[in-house]
Amino acid sequence: PGEVNFKRADVIVINKMDTAEDSAIQRVKENIQAFNASAVVIEARSPVFAERGQTIAGQRVLVVEDGPTLTHGGMKYGAGMLAAKQYGAKEIVDPRPWLTGTLLDTFEKYPEIGNLLPAMGYGKAQIKDLEQTINASDCDCVVIGTPIDLARVIDIKKHSVRVTYELEEEGTPNLETVLKSFMEGSA
């Protein structure tokens, strides 16, 4: 009673090494050494990709990000902003003049969101508010950096580009070698 037994991870993946601050990466590595030095550490990055990404170049874009990432996740930006910069957007359009419904409450509670539009959930009211805000905004293109394809959920009446990302391990060990070792060890 009252005692907690933690199991240590056999493998730890340090991801987003291409976008994280060096000091944050160093702090993670130091914590791994201090608390779980026997773990295999895989270093990786998550480059962004945008189908038709070249259509972002020179455009005034509205960037829609994963809401929880920007709010209680504490991130300042996500995949959408990375893609907007990578593909040469001329300007990031501030969504605040066109906010409706629940999005007004979100920006009141999390003013640090700034000029990104968070997709906060997928209930009927939230979907409606997001759709209305996107379609009312004065932008040339909507850059969608959410985990789901928003175009399948809402009717976006503007040109839009969906952003995805993949895990790319840096060197070895990598997931393939670790999994192969694990499978050989369990046989």
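Just one of the numbered conditions (1) outside any helix (DSSP H, G or I); (2) under 21 Å from the mean Cα position of the chain (by Cα) is not true of Glu3: (2).
Considering every residue within segment 39-54, establish whether at least one is buried (at least 22 other Cβ atoms within 10 Å of the Cβ) and either touching a residue at least 40 places away in the same chain (Cβ under 8 Å) or of a type in the set (D, E, K, R) (or both). Yes, the conditions are met somewhere in segment 39-54. Candidates are the residues of segment 55-65 that are under 27 Å from Leu103 (Cα atoms) and out of contact with any helix residue (DSSP H, G or I) (no Cβ under 8 Å at 6 or more places or on another chain); the one that is surrounded by the most Cβ atoms within 10 Å (Cβ to Cβ) is Gln59. Output the residues belonging to segment 100-125 that are closer than 19 Å to Ser137 by Cβ, in a helix (DSSP H, G or I) and touching a helix residue (DSSP H, G or I) at 6+ places or on another chain (Cβ under 9 Å). Residues satisfying the conditions are Thr102, Leu103, Leu104, Thr106, Phe107, Ile113, Ala125. A count restricted to segment 101-140 and to residues that are of a type in the set (Asp, Glu), out of contact with any strand residue (DSSP E or B) (no Cβ under 9 Å at 6 or more places or on another chain) and within 27 Å of Lys85 (Cβ to Cβ) stands at 3. Based on this model, can you work out whether Arg96 counts as in contact with an Asp or Glu (Cβ under 6 Å, 6 or more places away or on another chain), of a type in the set (Lys, Arg) and under 23 Å from Ile134 (Cα atoms)? In short, no.
In segment 137-157, which residue that is open to solvent by 50 Å² or more (accessible area, probe 1.4 Å) and touching a residue at least 60 places away in the same chain (Cβ under 8 Å) is nearest to Gly67 (Cα to Cα)? Per the criteria, the residue is Pro147.
The values are calculated or read from the model by the stated rules, or taken from the named source; none is laboratory data. None of the values given here were measured: they were computed from a predicted structure. Counting neighbours? That spans all protein chains shown, and the Cβs are built from the backbone with ideal geometry, glycine included. Each accessible area value is taken on the protein alone, full model and side chains, heavy atoms only, with ligands, DNA and RNA left out. Shrake-Rupley method; radii C 1.70, N 1.55, O 1.52, S 1.80 Å.
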